[in-house]
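Peer 1: Below is a structure I'd like to ask you about.
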Amino acid sequence: MKLDKYTVGKRYGKAIFELAVENNNEDSIFETLQTVKGIFTENSDLGNILSDDRLNQHEKRSLMDTINHNYDGLVHDALEVIFQYERMYDILMIIEEFEKEYYETKGIVSAIVTTTVPLTQTQKQHLAQAIATRFGYKRAELIEEIDPSIIGGVIIEVNHQVIDGSIKNKFEQLKKSQYMNAVQKEQI
């Protein structure tokens, strides 16, 4: 039975984190995995190429050796196992799970913040502090997304909870309210 990518991500990411903690080098592994994440984010199809039939095994091995020669120890070994089990297309989910475990032990929460324009440094600091306080963490790391369609305001997603303070959402709530009032008047 083949596992889905979420299960694979959780299992591998958690295992890598536990090994990093066991070896007391979770901070350096975190930093190294950020580099790996950058490579696979920049080259979005790389994980798929290393996992599917577009290249023969010799070509995939050569490409993997090129990537993995930059790493040693736990990261090197983990990448090798993931490659051998042909799960490189799950690498970003695996790293995401590692980050989740890492942040949780450090008291850091990751928050996706959607605005219409980039935030200033001061706005980021105030928002990060407010999010950390509201959700009971020491610190919040912001992942900024720009979406002009929200018109204004901010949408914050933390631990699968969404706080939608966008103007677009407020307009939609106003429309619903007006519709409900009209329906109630018709029923009277």
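Peer 1: With (1) at pLDDT 95 or above; (2) part of a helix (DSSP H, G or I) as the list, and residue 96 as the residue in question, which single condition is left unmet?
Peer 2: Evaluating residue 96 over (1) at pLDDT 95 or above; (2) part of a helix (DSSP H, G or I) leaves (1) as the failure.
Peer 1: Sticking with this structure for a sec: Check whether at least one residue in the range 170-185 is assigned to a loop (DSSP other than H, G, I, E, B) and loosely packed, with under 14 Cβ neighbours inside 10 Å, and report yes or no. Before the answer, list the steps.
Peer 2: Filtering the range 170-185 for residues assigned to a loop (DSSP other than H, G, I, E, B) gives none.
For the range 170-185, residues assigned to a loop (DSSP other than H, G, I, E, B) and loosely packed, with under 14 Cβ neighbours inside 10 Å: absent.
Peer 1: A follow-up question, please. From the residues in the range 154-168 that are touching a strand residue (DSSP E or B) at 6+ places or on another chain (Cβ under 8 Å) and surrounded by fewer than 16 Cβ atoms within 10 Å (Cβ to Cβ), which one is nearest to residue 118 (Cα to Cα)?
Peer 2: So the residue we want is 165.
Peer 1: Criterion first (assigned to a helix (DSSP H, G or I), aliphatic (A, V, I, L, M) and over 22 Å from the mean Cα position of the chain (by Cα)) does residue 64 satisfy it?
Peer 2: Answer is yes for this residue.
Peer 1: Could you run through the range 99-123 and say how many residues are of a type in the set (A, V, I, L, M, F, W, C) and in a loop (DSSP other than H, G, I, E, B)?
Peer 2: The initial filter retains those residues of the range 99-123 that are of a type in the set (A, V, I, L, M, F, W, C), namely 108-109, 111-113, 117, 119.
When the remaining residues are screened for being in a loop (DSSP other than H, G, I, E, B), the result is 117, 119.
Total meeting the criteria: 2.
Peer 1: Next up: Contact list please: Cβ distance under 8 Å, first residue in the range 17-33 and in contact (Cβ under 8 Å) with a residue 24 or more places away in the chain, second residue part of a helix (DSSP H, G or I) and exposed (fewer than 12 other Cβ atoms within 10 Å of the Cβ), pairs at least six apart or on different chains.
Peer 2: Hits for this filter: 21/105; 26/105.
Peer 1: Give me a count of the residues in the range 69-93 that are of a type in the set (Phe, Trp, Tyr) and assigned to a helix (DSSP H, G or I).
Peer 2: 2
Peer 1: If I ask for residues that are within 18 Å of residue 108 (Cα to Cα) and surrounded by 15 or more Cβ atoms within 10 Å (Cβ to Cβ), which ones from the range 142-153 would you list?
Peer 2: First pass over the range 142-153, keeping only residues within 18 Å of residue 108 (Cα to Cα): 142-144.
142, the sole residue that qualifies.
Peer 1: What is the number of the single condition among (1) in a strand (DSSP E or B); (2) touching a residue at least 60 places away in the same chain (Cβ under 8 Å); (3) of a type outside the set (D, E, K, R) that residue 156 does not meet?
Peer 2: (2)
Peer 1: Please enumerate the residues belonging to the range 97-141 that are surrounded by fewer than 14 Cβ atoms within 10 Å (Cβ to Cβ), closer than 27 Å to residue 9 by Cβ and touching a strand residue (DSSP E or B) at 6+ places or on another chain (Cβ under 7 Å).
Peer 2: Answer for the range 97-141, where residues must be surrounded by fewer than 14 Cβ atoms within 10 Å (Cβ to Cβ), closer than 27 Å to residue 9 by Cβ and touching a strand residue (DSSP E or B) at 6+ places or on another chain (Cβ under 7 Å): 107, 112, 138, 139.
Peer 1: To continue, here is another question. Which pairs have Cβ atoms under 9 Å, sit 6 or more apart or on different chains, and link a residue in the range 160-188 that is under 27 Å from residue 130 (Cβ atoms) to one that is at pLDDT below 90 and open to solvent by 100 Å² or more (accessible area, probe 1.4 Å)?
Peer 2: These pairs meet every condition: 164/170.
Peer 1: I'm trying to understand the selection: among the residues of the range 24-52, which are open to solvent by 40 Å² or more (accessible area, probe 1.4 Å), modelled with pLDDT under 95 and not in a helix (DSSP H, G or I)?
Peer 2: Residues satisfying the conditions are 43, 44, 45, 52.
The values are calculated or read from the model by the stated rules, or taken from the named source; none is laboratory data. In this text, all values refer to a predicted model and were calculated from it rather than measured experimentally. Glycine also receives a Cβ, built like all others from the backbone with ideal geometry; neighbour counts cover every protein chain displayed. Just the protein is used for accessible areas: all its heavy atoms, side chains included, with ligands, DNA and RNA removed. Shrake-Rupley method; radii C 1.70, N 1.55, O 1.52, S 1.80 Å.
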